[in-house]
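Notes follow the structure.
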Amino acid sequence: MSSAADDNFQFQKIIVILGFTLLIIKYFAYWLTGSVSIFTDATESIVNVVAACVGIYALYLSAKPADKNHPFGHGKIEVISSAIEGSMIMAAGAIIVMETIKSFIDPVESINQLDIGLVLVALAAVANFAVGRAAIRKGRKNRSPALEASGKHLCSDTYSSVGILLGLAVVYVAQFMGYDARWLDSTIAAVFGFIIIFTGVGVLKRAVDETMDAADQELLEQVTETINEYRHDDWIDVYNLRLIKYGPKIYVDMKVVLPRGMTVEHMGIESKEIESAIRSKYGDSVETSINPVPCRPCHCRYCCRSCLCREEEFDHVLDWDSDFLRTTDPHDFDPGAADEKSNNSD
């Protein structure tokens, strides 16, 4: 198990323990008060616990090394875990909405010991937020969609808890002043039920994007920045840059235009240099596939090195950004010729 994968796995254990602890606290608060809003919070905690258990298994499995049947490793299980968690968040929100509709039709007789219930929910909210934010940071740092999804789930639980606390504080004051505010308890629960559903949709959408290997713009920018940082004269052009994420693993594929006078051995050395540059940032969590391509005469204008094969004068080096490097063809275009072609077509 790599250090990043082990770090993710150990942190997910904390989330599981926290989930069980807060589940007990929230249901105790619901038992004391009879509040539908607190029931909403407690119900989402059931999802937290189940999702955390699914997540810890996913992180354990994703850390296993590649084998004959899984040549790219087991990282995609994290995406499946994230999709399951998103679906469960949506289901929890739907259950909460149905329960609030029921409470409108058949309201609870009274809400009791609301002061103690508010304190318990507040403590749970603080714990959820602290661990949730830490999980999101660690998940992004270690490129773990499962851990990041767990963190977002905990934070969404916190936001709903804060809203519930504010609403129940109003109910508590109203009760103290002798007013019946039970309807507000159910209304708060309904609102946050819909918010929870919306959160689940967001988590599920991201999981679908990950499954379809949608481009990660932030990661592309980082890799492009690294290539530019280590760039030297022999790297004339880079194109067809592609990134695929499998849990904590990143697979980088690109084509690099090198001087055609280079030997195969020298091209191999240059490819190793590019690989080392990327690994300097991501370590063992990255695997590269770099395909060297010999330059053509049209590349001379972008190459500033001294070369016996030169057929055109040097004009300028190519400006590499993430969009430029993702083009599927080498950048051997001639702007003047392109303009002339455009004028002819007009």
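The values are calculated or read from the model by the stated rules, or taken from the named source; none is laboratory data. These figures come from a predicted structure and were not determined experimentally. Glycine also receives a Cβ, built like all others from the backbone with ideal geometry; neighbour counts cover every protein chain displayed. When the accessible area is computed, the model is the full protein with side chains, heavy atoms only, and any ligands, DNA or RNA have been set aside. Shrake-Rupley method; radii C 1.70, N 1.55, O 1.52, S 1.80 Å.
Roughly how many debye, to the nearest 20, is the charge dipole of the chain about its Cα centre, given +1 on each Lys and Arg Cβ, -1 on each Asp and Glu Cβ, and no other charges?
With only Lys, Arg, Asp and Glu charged at Cβ, the dipole is about 1280 debye.
On full extension of the chain, what length is gained from Asp319 through Lys272, given 0.36 nm per residue of separation minus the C-alpha to C-alpha distance?
14.7 nm
Return one whole number: the accessible area per residue of the stretch 233-302 in Å², for a 1.4 Å probe.
Normalised by residue count, the accessible surface of the stretch 233-302 is 41 Å².
If you stretched the chain out fully between Glu312 and Arg279, how much longer would it get, using 0.36 nm times the residue separation minus the C-alpha to C-alpha distance?
Going from the current span to full extension adds 8.4 nm.
Tell me which residues come under 5 Å, amide H to amide H, from Thr327 once H is placed; ignore anything under 5 positions away on its chain.
Placed amide hydrogens put Asn240, Leu241 under 5 Å from Thr327.
Testing the spin-label approximation: label points 7 Å from Cα along Cα→Cβ at Met98 and Ser289. State their distance in nm.
Those two pseudo-labels are separated by 4.6 nm.
Antiparallel as a % of all DSSP beta bridges within the chain, to the nearest 5?
In the chain, DSSP labels about 45 percent of beta bridges as antiparallel.
Considering only protein heavy atoms, what per residue accessible area in square angstrom results for the stretch 132-175 with a 1.4 angstrom probe?
36
Can you list the DSSP H helices in the chain whose Cα atoms extend at least 30 Å along the helix axis and whose mean Kyte-Doolittle hydropathy is 0.0 or higher?
3-33, 36-62, 77-105, 114-141, 145-176, 182-211
Specify which labelled value, from (i) 17.1; (ii) 18.5; (iii) 24.2, agrees with mean projected area of the Cα convex hull in nm² derived from the coordinates of the model shown.
(iii)
Accessible area of the chain with a 1.4 Å probe: how many percent of it is carbon plus sulfur?
Exposed carbon and sulfur together represent 62 percent of the surface.
Ignoring everything except DSSP H segments at least 4 long, calculate the 222 nm mean residue ellipticity for the chain; use -39,500 (n - 2.57) per segment, divide by total residues, nearest 500.
After summing the helix terms and dividing by the residues of the chain, the value is -23000 deg cm²/dmol.
Which peptide among 63-69, 134-140 comes first, and what is the full order, when sorted by highest mean count of other Cβ atoms within 10 Å?
With the highest mean Cβ count within 10 Å placed first, the list reads 134-140, 63-69.
Excluding residues on the same chain fewer than 8 positions from Lys245, give the lysines whose Cα lies under 24 Å from its Cα.
Reachable lysines: Lys13, Lys64, Lys68, Lys76, Lys138, Lys141, Lys152, Lys205, Lys255, Lys272, Lys281.
Keeping every protein chain present and rolling a 1.4 Å probe, give me the accessible area per residue for the stretch 51-98 in Å².
Solvent-accessible surface per residue comes out at 45 Å².
Show me the GluC sites (Glu not before Pro) within the stretch 50-142 that DSSP assigns to loop and that have at most 12 other Cβ atoms within 10 Å of their Cβ.
Qualifying residues, ordered by number: Glu109.
For the stretch 42-172, count the residues as N, evaluate 2.2 N^0.38 Å, and divide the Cα radius of gyration by that value, please.
With N residues counted in the stretch 42-172, Rg over 2.2 N^0.38 Å equals 1.29.
If eta is 1.306 mPa s and T is 10 °C, what Stokes-Einstein diffusion coefficient results for the stretch 1-64, Kirkwood Rh from Cα pairs, in µm²/s?
126
What full-extension length gain, to one decimal in nm, is calculated for Asp6 and Asn112 as 0.36 nm per residue of separation minus the Cα-Cα distance?
Value of the extension gain: 33.7 nm.
Taking amide H atoms as placed 1.01 Å from N in the peptide plane, list the residues 5 or more away in sequence, or in a different chain, whose amide H sits under 5 Å from that of Val286.
Hits under the 5 Å cutoff: Ile250.
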